[in-house]
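The values are calculated or read from the model by the stated rules, or taken from the named source; none is laboratory data. All values reported here derive from a predicted model rather than from experimental measurement. Every residue, glycine as well, gets a Cβ built from its backbone with ideal geometry; the counts of neighbours run over all protein chains shown. Just the protein is used for accessible areas: all its heavy atoms, side chains included, with ligands, DNA and RNA removed. Shrake-Rupley method; radii C 1.70, N 1.55, O 1.52, S 1.80 Å.
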Amino acid sequence: MWSGPRNVSTALMRSFGARDDTVVVDEPLYAHYLDVTGIDHPGREEILASQPRRWEDAVAGLVGELPAAVGVHYQKHMTHHLLPDIGRGWLGQVSNAYLIRDPAAVVASYAKVRGEPTLDDLGYAQQVEIFRAHGGPVVDAADLLRDPGAVLAGLCAALGIPYRKSMLAWPAGRRETDGVWAPHWYAAVEKSTGFAHYNPAVPEVPERLRHLVAAARPHYDELAACRIQAGGASGSGSPAA
C-alpha cells in the first residue's frame, strides 16, 4: 500500500492487522530513506538501528515466502521512501495499491509538522510512477472515512482476497509490528478502535504552499479517476491507455 504522508495510512494498517490471515510490516524502507537522505527525523538513530539500511536487504523481506496460515502480507509504504536509487524490479512481484488524499488536505496538515515540505515529500509523483507501471486499486482517504465497509470490500475484491468485517474495528494500543517511531507519531491511532469519522471541513493552505497543491493536483487527479468509491464503484484500476 503506497501512501503519502498525513493520511490514514496507519489506521489502514491497523485494519489489515485485525485480519487473522494477515501479517503487516510498517514502512520497511524508512531506514534506507533516512540513511541516504541524511534527513533528521524524530527517532532517527533508533530507526536506523531497527531496519536494514540497504534497500536490497529490506526488499528481500518483502517478497519471500509467507508463513503457514498467512495469506496476506500487508506492507505499509510511504511513497517518498521509494528513492531513485531503489530498484523497481520487485514491484512486479507484489500487488500494488495506492492510498491517496486531496493535496490541499495533505499540504495543510503537513505544514503543521514540517514548515516547508517539497513535492517529493508528498509522494504523488512516485505513486503515479508505480501506478503507470503496475496498475492496482486506488483508495481515497476521504472515501474510506465516509464508508469504510464499502471501500474496504472493494479494495479486497480488487486484490483478490476475502473481505473481513473484522477490518472495521481493532483494540486500542500499540502493536509489536509498529515501527520504533510510533512514540513520535502514533498517539492518535493508539487511542483509536476504528476509522475516524470523515471531516468535510475545507482545509486552509498557507499561501506560501499553494504552489505545492497546484503541482500535486494533476497526479492526484490521475489516480483519483481510478479510485474505489464509497458507493462501491471504481475506475479501471489500471493506467489510462
Residue with peak Gaussian network fluctuation, the chain [Cα springs, cutoff 10 Å], from ALA169, ALA187, ALA224: ALA187
Cα extents of the chain along the three principal axes, largest first (Å): 52, 44, 41
Mean-position separation - Cα centroids, the stretch 37-73 and the stretch 78-107, in angstrom: 15
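Nearest 20 debye, what's the magnitude of the dipole of the stretch 86-153 about its Cα centre given +1 on Lys and Arg Cβ and -1 on Asp and Glu Cβ? Can you show the working numbers first?
Working: 6 positive and 8 negative charges, 22 e Å.
Here the stretch 86-153 has a charge dipole of around 100 debye.
Using the heavy atoms of the protein chains alone and a 1.4 angstrom probe, what is the accessible area of the chain per residue in square angstrom?
The answer is 46 Å² per residue.
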Cα-based radius of gyration of the stretch 67-179 once divided by 2.2 N^0.38 Å, which approximates compact folds: 1.19
Span-like helix ranges in the chain, DSSP H, alpha carbon extent 24 angstrom or more, Kyte mean at least -1.0: none
Selection from GLN127, LEU82, ALA60 lying farthest towards where the dipole of the stretch 1-147 points positive, charges on Cβ: GLN127
Per residue convex hull volume, Cα atoms of the stretch 134-220, in Å³: 170
Under 25 Å from the Cα of LYS165 - lysines, other chains or at least 8 residues apart: LYS76, LYS191
Accessible surface of the chain, 1.4 Å probe, proportion on carbon and sulfur as whole %: 53
Longest exposed-site-free window of the chain, the sites being trypsin sites (Lys or Arg not before Pro) in a DSSP loop that have at most 15 other C-beta atoms within 10 Å: 175-241
About the Cα centre, charge dipole magnitude for the chain (Lys/Arg +1, Asp/Glu -1 at Cβ), debye: 520
